[in-house]
Amino acid sequence: MTPIENPTQQPAQEIGDAWLALPSWLPVPGLGAIPVNAFLLKGPEPMLVDTGLGALSDEFVATLSAHVDLEDLRWIWLSHTDADHIGNLDRVLALAPNARVVTNFLGAGKMGMMGAGSPERMRLLEPGEVFEVGGRRLHQIRPPYYDAPETMGFFDAKDGVFFAADSFGAVLPGAVEEIGQLADDALRDGLVTWSSIDAPWLAQMDQQALGSILHGLEAMAPAHVLSGHLPLADGFGPLLRHLAGAYGRGATRDLRLETVAQIEAALG
Ligand SMILES: [Fe+2]
Ligand SMILES: [Fe+2]
């Protein structure tokens, strides 16, 4: 485990054949550190997922450019419009003239108020719309918790990749490459600390409703869970157990209709 004392861009990490993580870490004084990840879908229509930290702009662009010719970048999927997700948006748009931003109506509105991005370079997704990119279909999945209502996660059934935006973030003692390198207690404490900061309403959420959402995600059985704020995870592993234990006691096995519809659509 690497202690983090300054914002740090880490080397890219492969996730199967098609996906790449672009990880960075931020120190959290007194608590440890938090990852801030972007991701890259390679292939015929390269797509960046979120745009990293503005504080690491040069390092982020250098890492991204090492893995894709920015002239070829076609899409930038924005999970939501928080600073840690759009930190390099305008710089990447300037460097990648053929890229368009994938967002929704609310995301576009919030960017308009911030003067970020440009409306003529946005591709707005309707609720539930499947986004087809490079021969694969990305199904919108609402993550179980989030800090901005425009948040869009997705499931790529071709590679079993679930992108969960801010969900499953964790404040950790230091940097690791994947969650298997963490002690169970460190992972649990990190998940609970992050979720209590990022989504304090989670503690007031109906436990059965949360349990049914977590159960639905479990049924999706992704091979890879990509979070903006967690090291790489092969499947959910202990993630759902820790969250259910912290917030979802009394969880039902009944699924909510919205969850069922999303999962069925994602699994085709
Ligand atoms: Fe956020
Ligand atoms: Fe975030």
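Numerical summary
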| read-out | value |
| --- | --- |
| In region 195-232, the residues that are within 16 Å of ligand 2 (Cβ to nearest atom) and touching a residue at least 60 places away in the same chain (Cβ under 8 Å) | V225, L226, S227, G228, H229, L230, P231 |
| Check on A157, in contact (Cβ under 8 Å) with a residue 60 or more places away in the chain, surrounded by fewer than 19 Cβ atoms within 10 Å (Cβ to Cβ), aliphatic (A, V, I, L, M) and more than 13 Å from ligand 1 (Cβ to nearest atom) | yes |
| Every residue from region 156-183 that is of a type outside the set (A, V, I, L, M), away from ligand 2 (no atom under 16 Å from the Cβ) and under 20 Å from P29 (Cα atoms) | P173, G174 |
| Options A83, A108, A94; residue that is in a loop (DSSP other than H, G, I, E, B), free of Cβ contacts under 8 Å to residues at least 40 places away in the same chain and out of contact with any Asp or Glu (no Cβ under 8 Å at 6 or more places or on another chain) | A83 |
| Every residue from region 7-52 that is in a loop (DSSP other than H, G, I, E, B) and touching a Phe, Trp or Tyr at 6+ places or on another chain (Cβ under 9 Å) | P7, Q10, K42, E45, P46, D50, T51, G52 |
| Failed item, numbered, when S57 is tested on (1) under 19 Å from M152 (Cβ atoms); (2) out of contact with any Phe, Trp or Tyr (no Cβ under 7 Å at 6 or more places or on another chain) | (1) |
| Verdict on E120 being without any contact (Cβ under 8 Å) to a residue 12 or more places away in the chain, farther than 20 Å from L240 by Cβ and assigned to a strand (DSSP E or B) | no |
| G32 being out of contact with any strand residue (DSSP E or B) (no Cβ under 7 Å at 6 or more places or on another chain) and either buried (at least 19 other Cβ atoms within 10 Å of the Cβ) or more than 26 Å from M114 (Cα to Cα) (or both) | no |
| Unique match (being within 16 Å of ligand 2 (Cβ to nearest atom) and crowded, with 16+ Cβ neighbours inside 10 Å) among G87, G134 | G87 |
| Residue that is at negative phi and surrounded by fewer than 19 Cβ atoms within 10 Å (Cβ to Cβ), where the choices are E150, E177 | E177 |
| Residue list for region 186-237, filter: under 23 Å from I15 (Cα atoms) and surrounded by fewer than 17 Cβ atoms within 10 Å (Cβ to Cβ) | E218, A219, A221, A223, D234, G235, G237 |
| Condition check for V102: more than 16 Å from ligand 2 (Cβ to nearest atom), more than 23 Å from Y145 (Cβ to Cβ) and either in a helix (DSSP H, G or I) or not acidic (D, E) (or both) | no |
| Unique residue being over 16 Å from L22 (Cα atoms) and touching a residue at least 60 places away in the same chain (Cβ under 8 Å) when the list is L191, L172, L187 | L172 |
| Hey, D72 outside any helix (DSSP H, G or I) and closer than 14 Å to G134 by Cα or not | yes |
| Residue in region 13-23 that is of a type outside the set (S, T, N, Q), out of contact with any Leu (no Cβ under 7 Å at 6 or more places or on another chain) and free of Cβ contacts under 8 Å to residues at least 40 places away in the same chain present | no |
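No value in this document is a laboratory result; all are computed from the given coordinates. Everything numeric here is computed off the predicted structure, so don't read it as measured data. Don't worry about glycine lacking a Cβ; one is built from the backbone with ideal geometry, like all the others, and counts go over all protein chains shown.
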